[in-house]
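Since the structure comes first, as structure tokens, the remarks are kept for the end.
The values are calculated or read from the model by the stated rules, or taken from the named source; none is laboratory data. Every value quoted in this text rests on a predicted model; they were computed, and no experiment measured them. No Cβ is skipped: glycine too gets one built from the backbone with ideal geometry, and neighbour counts run over all protein chains shown. Note: accessible area is taken over every heavy atom of the protein model, side chains too, but ligands, DNA and RNA are not part of it. Shrake-Rupley method; radii C 1.70, N 1.55, O 1.52, S 1.80 Å.
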Amino acid sequence: MADSKTIEKPIVEEHMGLFARIGDSFRRFLDGDIFYSFIHSPITVIAFVVTVICFVLAAFAPWLAPHNTNDIATLLLDNAELPPFWSSYTASWGEELHGRTEFLLGTDPDGRDVLSGIIFGMQVSLIVGFGSVILAMAIGITLGLISGYIGGKTDSVIMRIADIQLSFPAILVALLLFGGIKSVLPPAERQDLAIWVLILAIGVSNWVQFARTVRGSTMVEKSKEYVQAARVIGLHPILIMIRHVLPNVMGPVLVIATINLALAIITEATLSFLGVGVPPTEPSLGTLIRVGQQYLFSGFWWMTIFPALALVVLALSVNLLGDWLRDALNPKLR
Amino acid sequence: MSEVAEKMSPDPTKIGADAETVLDVQGLKRYFDVSPPFLNRLIERTDKAFLKAVDGIDFRIERGETFSLVGESGCGKSTVARLVVGLYSPTGGSVTFEGQEIGGLSRKELVPVRRRMQMIFQDPYASLNPRWRVEDIIAEPIRFFGLTNNNNETLQRVGELLQLVNLSPKDMEKYPHEFSGGQRQRISIARALASEPDFLVCDEPTSALDVSVQAQILNLMKDLQKRLNLTYLFISHNLAVVYHMSDHIGVMYLGRLAEVAPAKTLFEKPRHPYTKLLLDTIPDLDMTGRERVPVAGEVPNPINPPSGCAFHPRCPFANDRCKAERPEPIKMPDGAAVACHGVEEGRIPEGPISGIASQDI
């Protein structure tokens, strides 16, 4: 046992800097199980690449899309109803229309480039998706932490509300909320705020799953001794929840968030398809599918098939990522 | 003495006053409501049920000594520890820490008390937040109580604390999972010492550790006690550990204290039949080959404890009075206190009782 006299000055100088720490964590991540399981699952790698491509396209849509579909001045009726570049068809007035490489996936009846429409639509879909997941997470985590940590009557009340909401389909809740909130807004602002109302409606309809998961994990963590140690120090319960419990319950939350992102994108598309989502001036993937399907029987299949494919690919990749994340973070499957 | 130890030892004027009471527990009770939900009670017409985890115990701890609580699982010893540090609020009775009643205080009022009273937990794998670096774990009390002026000082202090528990200051960079159970328990001790407390509650600090590591941790704790003039409330079910550590020992049975005595007295001259039976179960080299009698039966259900003396169903000396009347602790001339009618009436024989017990139980 070291005598007290031998105690030297601790080596504070050797303390790692912030950048060294980040580098250290990154190296540890590359060496870790999660990265290993990622690199050894080809489907996940493909899903990841596709998701990243979608995100990048959506984030930089104005620069990456070949045409700006939101700028009505650039639309020419000469370009209307063009097929994808590799195909051709005979128009109703007898003219043979050939696809042009200028419009890779064809154009719609107003002369909008379908590919550009998809890229801009994906932007709207992803904004709504991310926005609503973040909102659902914020509500769900907060209520779940409070419910699990405090317990008792608070817990009962929050969980009964969750049960009631869960007994309605999420799409119905979103539809009701969307209609309700929109009707109280002044008509002039309905168009501008539509996207935010949509985020609010989808977000509020999806918080229950987060709350339940966080509540369960919180109840487990709460009884662990490190939380009791923090209580013995005298930390405020809110600080204990944020500093100690939250980081330890985030694993499952990330998984649900990923899967919910796909779900939110689909919910948004469904609402837009039904015509209650974002206004047609800012079309999302769902709006494109809805508008396109009116022309499906006229033979203009590209107007609805390509946006639908884009939606499937986007939702599927995000979902596959979520599935992989769930398995990778599950210690029992390692 | 080094800088560290000087900083950590309490006010020297206090050391001078011998036999100063650090912790005084009087009639401490804690009942847990284990009733079925309201609707079930209404339909099944059952009453509320309470688990009497701690049912009226008294003891006091003097400065610089180690007071141990021993007993079988479920006897309420860990509940006492949690009551003392304020994790549970008592149902009845009082806990007086350094002259201040702390039983009913709110979290805010408890803050200054908690700086001087910390806890070491049983499971070193659960008591450190897995997402935090060691430096943040140990620095948490320092930062919370604002004991240093800036972050550099805090880290310096964390380094000192790590050295105090024989770890390297470089370890503060690491995460808990990079350490063994014994090392984690050292980190736990360092955290408990970070706020410069003078009283530590140790809830079975070595029971989750490897036997070879247990001794190291116990010796470290004894060493720290001497250097920093610490007072310990030590909870354990391991009699050998308790003998090694304690000045006074309280034997708990079903939420009550059966016997409180100085460590030597308790081991040399156990009085309560329960203590005698417990000591009989310790394996030791001298008694190899002797037939060993386990304490017969199980601990009764604390929701519905036996009448009178809680130990009477398992006691070879129980009579009608034991079944009817609850025994109160009786002070003995050598400082022990025994709650037993048999001892009061002088009908418990001296020495081990295994011979008698094997016939009667």
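Ranking of A:132, A:167 by solvent-accessible surface, largest first: A:167, A:132 (1.4 Å probe, protein heavy atoms only, all chains present). Stretched out straight at 0.36 nm per residue, the stretch from residue B:325 to residue B:175 would grow longer than its current Cα-Cα span by 48.6 nm. Amide hydrogen proximity for residue B:252: with H placed 1.01 Å from N in the peptide plane, the residues at 5 or more positions away or on another chain lying under 5 Å are B:70, B:71, B:258. The solvent-accessible area of residue B:82, taken with every protein chain present and a 1.4 Å probe, is close to 30 Å².
Show log10 I(q)/I(0) for region A:130-243 at q = 0.17, 0.19 Å⁻¹, two decimals, from a solvent-free Debye sum over equal Cα scatterers. These q points yield log10 I(q)/I(0) values of -0.83, -0.94.
With Cα atoms as the point set, the radius of gyration and Dmax of region A:125-334 evaluate to 20.0, 73 Å. Per residue, the convex hull spanned by the Cα atoms of region B:3-246 amounts to 150 cubic angstrom. As a calculated quantity, the FRET efficiency between residue A:142 and residue B:307 at R0 = 60 Å, using C-beta atoms, amounts to about 0.75.
Dipole magnitude for the protein assembly as shown: about 1220 debye, using +1 per Lys or Arg Cβ and -1 per Asp or Glu Cβ, origin at the Cα centre.
Heavy-atom accessible surface of chain A, averaged per residue, reaches 51 Å², computed with a 1.4 Å probe.
For region A:125-334, with all protein chains in place and a probe radius of 1.4 Å, 71% of the accessible heavy-atom surface sits on carbon or sulfur. Remark: chain B carries a charge dipole of roughly 740 debye about the Cα centre, counting +1 on each Lys and Arg Cβ and -1 on each Asp and Glu Cβ.
A probe of 1.4 angstrom, applied to the heavy atoms of all protein chains, finds residue B:245 with accessible area near 10 square angstrom. Counting residues in the protein assembly as shown as N, plug N into 2.2 N^0.38 Å and put the Cα Rg over that result. Taking the Cα Rg and dividing by 2.2 N^0.38 Å, one obtains 1.31. Pairs of alpha-carbon atoms within less than 8 angstrom and 6+ residues apart define the contacts here; what relative contact order does chain A have, in percent? Contact order relative to length: 21 percent. Shown are A:36, A:295, whose ranking by accessible area with a 1.4 Å probe and every protein chain present, most to least, is A:36, A:295. Of the residues B:307, B:35, B:246, the one that moves most in a GNM of chain B with alpha-carbon contacts below 10 Å is B:35.
Other residues with beta-carbon under 9 Å from the beta-carbon of residue B:132 carry, at +1 per Lys or Arg and -1 per Asp or Glu, a net charge of 0.
Note on residue B:20: accessible area approximately 50 square angstrom, rounded to 10, probe 1.4 Å, nucleic acids and ligands left out.
In region B:3-246, Cα pairs under 8 Å separated by at least six residues give a relative contact order of 25 percent.
Sum up the charges of everything whose Cβ sits under 10 Å from the Cβ of residue B:204, counting Lys and Arg as +1 and Asp and Glu as -1, but leave residue B:204 out.
-1
Residue separation of residue B:72 and residue B:281 scaled by 0.36 nm, minus their Cα-Cα distance, works out to 74.0 nm of gained length. Both chains summed, the buried accessible area for B and A stands near 3500 Å², from protein heavy atoms and a 1.4 Å probe. Take every Cα-Cα pair in region B:200-271 and report what % of them are more than 21 Å apart. So the portion of pairs separated by more than 21 Å is 27 percent.
Residues whose amide H falls under 5 Å from that of residue B:23, counting only those 5 or more places apart or on a different chain, are B:61, B:98, with hydrogens built in the peptide plane. Averaged over the residues of peptide B:128-136, the number of Cβ atoms from other protein chains lying within 10 Å of each residue's Cβ is 4.
Computed about its Cα centre, the charge dipole of chain A is approximately 1560 debye, with only Lys, Arg, Asp and Glu carrying charge at their Cβ.
Ordered from longest to shortest, the equivalent ellipsoid semi-axes for region B:42-162 are 33, 19, 16 Å, each the square root of 5 times a Cα gyration tensor eigenvalue.
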